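Worksheet: one structure, shown below.
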Amino acid sequence: MDTFLLCPPDHFKIDYSINPWMTGDPVDNRLSQDQWLGLVKAIQESGGVVKTISPQSGLPDMVFTANAGIVSGKTFVISSMKHDERKGESTHFRKWFINEGFSVVDIVPGLSFEGCGDSLIHSNTLIGGYGYRSDLLSLEITAGALGLQLISLELVDPRYYHLDTCFCKVSDTHAIYFPDAFKSGEIEKLSGVINLIPISEADARLFMCNSMLVNETLLIPSRHSEVEKVLKNNHGIKTRPVDVGEFLKSGGSIQCLCLKI
Ligand code: ARG
């Protein structure tokens, strides 16, 4: 069964700016709580299991648990956040994973790695993004620690600073991606690995690449995308819109709010 670690948004706000989406637009706390609870419900109704970690004051981005690391079996490769504002999160995630019986692997000091924000597992391959938040070397270390082969993709658009803002696996065989976010020639590394469906700039802005597969259901952040029809009609993918718009003010959406464990 798909299991996810989430962090309630009790301390979520826009206190600093570390990506172009964080323009200081104030968060409606009540609405962000409701949206987060709606996401929990959507995961559970799709047959997923939700576990939670206690939110900590002073760590407003801890709600984006995808950035905490990446899990394979009972191994957790813990992140090393790029920005000082988020570095304090790791202590809390380390404790949580040790408590749950995981072995925790660290990245070499001095390198940055932002977990499932920049990496995902597809069969025996780690697909990783680098250029903004994660270093190429940290992706190599992660793939090695998890016994996976690495396909690394260089990102070139600051608005799509994490791989999960411009690439998303939507089924066992297909992924959507926003072409302009990748350095030219990079996405071709995935040919023969997964079938690729490009999305428009308008859909990229809606954070459609931050959708998340829960068993057979793809949770998507908008009802107004162009790609939803393609996914449904041409690929038979079941979709469910979940509005987490408050989190977009921080440059995150559905997949950022969840860490698959
Ligand atoms: N404000 C957060 C940051 O910039 C958003 C993180 C989004 N997470 C993600 N997996 N893309 O770090």
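The values are calculated or read from the model by the stated rules, or taken from the named source; none is laboratory data. Worth saying up front: this structure is predicted, and the values here are computed from it rather than measured. Heads up, the Cβs are rebuilt from the backbone with ideal geometry, glycines too, and the neighbour counts pull from every protein chain shown.
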Practice item. Filter the stretch 115-127 down to the residues that are buried (at least 24 other Cβ atoms within 10 Å of the Cβ) and outside any loop (DSSP other than H, G, I, E, B), then identify the one that is farthest from the ligand (Cβ to nearest atom). Key: Leu126
Review point. Across the stretch 238-261, what is the number of residues that are surrounded by fewer than 20 Cβ atoms within 10 Å (Cβ to Cβ) and more than 15 Å from the ligand (Cβ to nearest atom)?
Key: 5
Practice item. Would you mind stating whether Ser138 is surrounded by 17 or more Cβ atoms within 10 Å (Cβ to Cβ), out of contact with any helix residue (DSSP H, G or I) (no Cβ under 7 Å at 6 or more places or on another chain) and on the phi < 0 side of the Ramachandran plot? Key: yes
Practice item. Kindly provide the set of residues from the stretch 191-235 that are over 18 Å from the mean Cα position of the chain (by Cα) and surrounded by 19 or more Cβ atoms within 10 Å (Cβ to Cβ), ordered by number. Key: Ile194, Ser225, Val227, Glu228, Leu231
Revision key, fill the gap. For Lys87, the lone unmet condition from (1) within 16 Å of the ligand (Cβ to nearest atom); (2) crowded, with 19+ Cβ neighbours inside 10 Å; (3) not aromatic (Phe, Trp, Tyr) is (2)
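If you take the residues in the stretch 230-249 that are among the β-branched types (Val, Ile, Thr) and not in a helix (DSSP H, G or I), which one is farthest from Arg30 (Cα to Cα)?
Among those that are among the β-branched types (Val, Ile, Thr) and not in a helix (DSSP H, G or I), it is Ile237.
In the stretch 194-232, what residues are farther than 21 Å from Val244 by Cβ and among the charged types (D, E, K, R)?
Selection gives Lys229 alone.
Could you check, for the stretch 249-260, whether at least one of its residues is more than 17 Å from Thr173 (Cα to Cα) and of a type in the set (D, E, K, R)? Full working, then the answer.
Residues of the stretch 249-260 more than 17 Å from Thr173 (Cα to Cα): 249-260.
Now drop any that are not of a type in the set (D, E, K, R), which leaves 249, 260.
Yes, the stretch 249-260 contains at least one residue that is more than 17 Å from Thr173 (Cα to Cα) and of a type in the set (D, E, K, R).
Consider Phe76 carefully, then state whether it is hydrophobic (A, V, I, L, M, F, W, C), surrounded by 15 or more Cβ atoms within 10 Å (Cβ to Cβ) and part of a strand (DSSP E or B).
When the stated conditions are applied, Phe76 passes them.
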Practice item. Would you be able to tell me the number of residues in the stretch 16-48 that are within 18 Å of Cys256 (Cα to Cα) and either in contact with a Pro (Cβ under 7 Å, 6 or more places away or on another chain) or modelled with pLDDT under 95 (or both)? Key: 4
Exercise for review: Report, by residue number, each residue of the stretch 141-159 that is in a helix (DSSP H, G or I) and either free of Cβ contacts under 8 Å to residues at least 24 places away in the same chain or buried (at least 23 other Cβ atoms within 10 Å of the Cβ) (or both).
Suggested key: Thr142, Ala143, Gly144
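Listed here are the residues, each with its yes/no results for (1) of a type in the set (S, T, N, Q); (2) within 13 Å of the ligand (Cβ to nearest atom); (3) under 30 Å from Leu137 (Cα atoms); (4) without any contact (Cβ under 8 Å) to a residue 40 or more places away in the chain.
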{"position": "Phe12", "(1), (2), (3), (4)": "no, yes, no, no"}
{"position": "Arg30", "(1), (2), (3), (4)": "no, no, no, yes"}
{"position": "Gln33", "(1), (2), (3), (4)": "yes, no, no, yes"}
{"position": "Leu37", "(1), (2), (3), (4)": "no, no, no, yes"}
{"position": "Val50", "(1), (2), (3), (4)": "no, no, no, no"}
{"position": "Asp61", "(1), (2), (3), (4)": "no, yes, yes, no"}
{"position": "Ala66", "(1), (2), (3), (4)": "no, yes, yes, no"}
{"position": "Gly73", "(1), (2), (3), (4)": "no, no, yes, yes"}
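Within the group Glu89, Glu100, which residue is among the acidic types (Asp, Glu), more than 17 Å from the chain's Cα centre (by Cα) and within 24 Å of Phe4 (Cβ to Cβ)? Break it down into steps so the answer makes sense when it comes.
Numbers: Glu89 fails: more than 17 Å from the chain's Cα centre (by Cα).
Residue meeting the stated conditions: Glu100.
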